[in-house]
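Let me begin by presenting the structure, written as structure tokens, before commenting on it.
The values are calculated or read from the model by the stated rules, or taken from the named source; none is laboratory data. Treat the numbers as computed from the prediction; the structure is a model and nothing was measured. Using ideal geometry, Cβ is built from the backbone for each residue, glycine included, and neighbour counts are taken over all protein chains shown. To get the accessible areas, we keep the full protein, side chains included, count just its heavy atoms, and leave off ligands, DNA and RNA. Shrake-Rupley method; radii C 1.70, N 1.55, O 1.52, S 1.80 Å.
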Amino acid sequence: MNLQEFIENFAAQFDETDATEFTADTKFKQLDEWSSLTALSIIAMVDDEYDVIIKGNDIISSDTIQDLYNVVVQLQG
């Protein structure tokens, strides 16, 4: 797994936000399209793509996509 792939998979969970909006420094909870449903989609994507279970608190404690990526990397061990 690499950061760019993670960003692309993350961006794919959004229907209306342009993919160019997504970088490692994107504060994803500030995006207009962000919702609790999107959070669930991110949790499912991480499980499917990386075989890692993240929790709501992992998302809550992350400000940027990089922060969430770091959590996933840590949990992958």
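Looking only at segment 1-30, filter to residues that are over 12 Å from the mean Cα position of the chain (by Cα) and aliphatic (A, V, I, L, M); which one of those is farthest from GLN76 (Cα to Cα)? For segment 1-30, the residue satisfying everything is ALA19.
Considering only residues that are of a type in the set (D, E, K, R) and in contact with an Asp or Glu (Cβ under 9 Å, 6 or more places away or on another chain), look in segment 1-20 and name the one that is farthest from GLU49 (Cα to Cα). Here the residue is GLU16. Picking from residues in segment 31-77 that are of a type in the set (Ser, Thr, Tyr) and more than 10 Å from the chain's Cα centre (by Cα), the one that is farthest from ASP15 (Cα to Cα) is SER61. Identification of helices (runs of 4 or more DSSP H) wholly contained in segment 10-77 with 3 or more residues that are open to solvent by 20 Å² or more (accessible area, probe 1.4 Å) and touching a residue at least 40 places away in the same chain (Cβ under 8 Å) yields 65-76. For segment 26-38, residues that are charged (D, E, K, R) and farther than 12 Å from SER62 by Cβ total 2.
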